[in-house]
Amino acid sequence: MLFPSEAWLAAVIAAVNRQPDLAAALRGLGPDLAAIVEPEPPELEQPFAIYGRQEGGRIASIRALRDPDEIWELEPAYVVRAPYRVWKGLLRGDDPVRAALSGRVRVQGDLEALVRRANYRYVVDAALATVETRFADEGGSR
(Lines give C-alpha, C1' and ligand atoms only; values in the text may rest on other atoms or scores of the structure.)
Protein backbone atom coordinates (compact mmCIF):
# COMPACT_ATOMS: atom_id res chain seq x y z
CA MET A 1 0.00 0.00 0.00
CA LEU A 2 1.16 3.46 -0.82
CA PHE A 3 2.33 5.77 1.96
CA PRO A 4 0.64 8.09 2.71
CA SER A 5 -2.88 7.04 1.83
CA GLU A 6 -6.13 6.31 3.62
CA ALA A 7 -5.85 2.60 2.75
CA TRP A 8 -2.33 2.44 4.20
CA LEU A 9 -3.47 4.30 7.32
CA ALA A 10 -6.41 1.93 7.89
CA ALA A 11 -4.16 -1.13 7.50
CA VAL A 12 -1.54 0.22 9.91
CA ILE A 13 -4.10 1.18 12.56
CA ALA A 14 -5.73 -2.26 12.34
CA ALA A 15 -2.29 -3.85 12.76
CA VAL A 16 -1.39 -1.56 15.69
CA ASN A 17 -4.67 -2.39 17.44
CA ARG A 18 -3.74 -6.10 17.28
CA GLN A 19 -0.54 -5.52 19.27
CA PRO A 20 -0.80 -6.94 22.81
CA ASP A 21 1.29 -4.17 24.42
CA LEU A 22 -0.58 -1.27 22.84
CA ALA A 23 -2.57 -0.45 25.99
CA ALA A 24 0.65 -0.14 28.00
CA ALA A 25 2.22 2.01 25.31
CA LEU A 26 -0.75 4.40 25.30
CA ARG A 27 -1.18 4.60 29.08
CA GLY A 28 -0.64 8.13 30.35
CA LEU A 29 -0.73 9.81 26.94
CA GLY A 30 -3.26 12.43 25.90
CA PRO A 31 -6.51 11.30 24.32
CA ASP A 32 -5.78 12.36 20.76
CA LEU A 33 -3.09 13.09 18.21
CA ALA A 34 -2.80 14.70 14.83
CA ALA A 35 0.01 14.10 12.36
CA ILE A 36 0.96 15.88 9.18
CA VAL A 37 3.10 14.52 6.39
CA GLU A 38 4.39 17.71 4.79
CA PRO A 39 4.70 17.76 1.01
CA GLU A 40 8.02 17.28 -0.73
CA PRO A 41 7.47 17.37 -4.49
CA PRO A 42 7.60 15.30 -6.55
CA GLU A 43 7.10 12.46 -4.02
CA LEU A 44 4.22 14.16 -2.24
CA GLU A 45 2.51 17.19 -3.76
CA GLN A 46 -0.12 17.81 -1.06
CA PRO A 47 0.03 17.46 2.73
CA PHE A 48 -1.47 14.34 4.28
CA ALA A 49 -3.00 15.03 7.69
CA ILE A 50 -4.63 12.63 10.12
CA TYR A 51 -6.44 12.85 13.42
CA GLY A 52 -6.86 9.94 15.82
CA ARG A 53 -8.28 9.25 19.26
CA GLN A 54 -7.28 6.58 21.72
CA GLU A 55 -9.66 5.02 24.17
CA GLY A 56 -9.55 1.89 26.29
CA GLY A 57 -5.98 1.04 25.32
CA ARG A 58 -6.54 1.07 21.58
CA ILE A 59 -6.85 3.49 18.69
CA ALA A 60 -10.60 4.04 18.74
CA SER A 61 -10.85 6.25 15.67
CA ILE A 62 -8.67 7.73 13.00
CA ARG A 63 -9.38 9.76 9.92
CA ALA A 64 -7.61 11.62 7.20
CA LEU A 65 -8.32 15.33 7.13
CA ARG A 66 -9.06 17.19 3.91
CA ASP A 67 -7.24 20.26 5.18
CA PRO A 68 -4.42 20.27 7.77
CA ASP A 69 -5.91 23.48 9.20
CA GLU A 70 -8.77 21.35 10.61
CA ILE A 71 -6.29 20.20 13.25
CA TRP A 72 -6.42 23.55 15.02
CA GLU A 73 -10.19 23.28 15.43
CA LEU A 74 -9.83 19.79 16.94
CA GLU A 75 -7.18 20.91 19.48
CA PRO A 76 -5.46 17.52 19.88
CA ALA A 77 -3.12 16.79 22.78
CA TYR A 78 -0.28 16.20 20.30
CA VAL A 79 0.52 17.45 16.82
CA VAL A 80 3.42 15.75 15.06
CA ARG A 81 4.64 17.09 11.74
CA ALA A 82 7.52 16.31 9.45
CA PRO A 83 8.37 16.29 5.75
CA TYR A 84 7.61 13.21 3.67
CA ARG A 85 11.23 11.98 3.60
CA VAL A 86 11.53 12.19 7.40
CA TRP A 87 8.36 10.12 7.86
CA LYS A 88 9.73 7.64 5.33
CA GLY A 89 12.89 7.33 7.43
CA LEU A 90 10.86 6.83 10.61
CA LEU A 91 8.85 4.08 8.93
CA ARG A 92 12.13 2.40 8.03
CA GLY A 93 13.41 2.50 11.59
CA ASP A 94 14.99 5.91 12.17
CA ASP A 95 14.95 6.90 15.84
CA PRO A 96 11.86 9.09 16.49
CA VAL A 97 13.34 10.59 19.67
CA ARG A 98 16.48 11.67 17.86
CA ALA A 99 14.36 13.06 15.01
CA ALA A 100 12.25 15.09 17.47
CA LEU A 101 15.22 16.36 19.46
CA SER A 102 17.02 17.40 16.27
CA GLY A 103 13.97 19.31 15.01
CA ARG A 104 13.41 17.11 11.94
CA VAL A 105 10.11 16.10 13.55
CA ARG A 106 8.19 18.92 15.21
CA VAL A 107 6.02 17.99 18.17
CA GLN A 108 3.43 20.14 19.89
CA GLY A 109 2.30 18.68 23.17
CA ASP A 110 4.04 16.85 25.99
CA LEU A 111 7.21 15.64 24.27
CA GLU A 112 8.52 14.22 27.54
CA ALA A 113 5.55 11.83 27.76
CA LEU A 114 6.25 10.64 24.22
CA VAL A 115 9.96 10.20 24.93
CA ARG A 116 9.15 8.12 28.04
CA ARG A 117 7.34 5.69 25.73
CA ALA A 118 10.20 5.29 23.27
CA ASN A 119 10.81 1.77 24.59
CA TYR A 120 7.42 0.82 23.09
CA ARG A 121 8.65 1.52 19.56
CA TYR A 122 8.55 -2.25 18.99
CA VAL A 123 4.72 -2.10 19.10
CA VAL A 124 4.65 0.14 16.02
CA ASP A 125 7.50 -1.75 14.35
CA ALA A 126 5.67 -5.07 14.75
CA ALA A 127 2.53 -3.58 13.24
CA LEU A 128 4.42 -1.98 10.35
CA ALA A 129 6.08 -5.32 9.58
CA THR A 130 2.66 -6.74 8.71
CA VAL A 131 1.71 -3.98 6.25
CA GLU A 132 3.27 -3.74 2.82
CA THR A 133 4.41 -0.14 2.44
CA ARG A 134 5.35 1.39 -0.91
CA PHE A 135 6.77 4.85 -1.41
CA ALA A 136 6.03 7.04 -4.43
CA ASP A 137 9.72 7.76 -5.01
CA GLU A 138 10.46 4.05 -5.21
CA GLY A 139 8.06 3.06 -7.94
CA GLY A 140 4.79 3.35 -6.03
CA SER A 141 2.17 5.37 -7.86
CA ARG A 142 0.06 8.18 -6.46
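Odds and ends about this structure:
- For segment 48-64, the count of residues that are out of contact with any His (no Cβ under 7 Å at 6 or more places or on another chain), farther than 24 Å from ALA15 by Cα and among the acidic types (Asp, Glu) is zero.
- Residue in segment 83-103 that is open to solvent by 50 Å² or more (accessible area, probe 1.4 Å), under 12 Å from the mean Cα position of the chain (by Cα), under 22 Å from LEU22 (Cα atoms) and not aliphatic (A, V, I, L, M) present: yes
- Scanning segment 104-128 for residues that are hydrophobic (A, V, I, L, M, F, W, C) and not in a loop (DSSP other than H, G, I, E, B) turns up VAL107, LEU111, ALA113, LEU114, VAL115, ALA118, VAL123, VAL124, ALA126, ALA127, LEU128.
- Top-ranked residue of segment 32-50 - restricted to ones that are in contact with a strand residue (DSSP E or B) (Cβ under 6 Å, 6 or more places away or on another chain) and open to solvent by 20 Å² or more (accessible area, probe 1.4 Å), ranked as farthest from LEU2 (Cα to Cα): LEU33
- Which numbered condition TRP72 misses (of (1) farther than 30 Å from GLY139 by Cα; (2) surrounded by 13 or more Cβ atoms within 10 Å (Cβ to Cβ); (3) at pLDDT below 95): (2)
- Within segment 1-16, the set of residues being open to solvent by 40 Å² or more (accessible area, probe 1.4 Å) and under 18 Å from TYR51 (Cβ atoms) comprises GLU6, ALA7, ALA10, ALA14.
- Residues that are in contact (Cβ under 8 Å) with a residue 24 or more places away in the chain, small (Gly, Ala, Ser) and under 21 Å from PRO47 (Cα atoms) were ranked within segment 109-142; the one that is most open to solvent (accessible area, probe 1.4 Å) is SER141.
The values are calculated or read from the model by the stated rules, or taken from the named source; none is laboratory data. Since we're looking at a predicted model, the values are computed, not measured. Cβ sites come from the backbone with ideal geometry, for glycine too, and all protein chains shown count toward neighbours. SASA here: full protein model, heavy atoms, side chains in, ligands and nucleic acids out. Shrake-Rupley method; radii C 1.70, N 1.55, O 1.52, S 1.80 Å.
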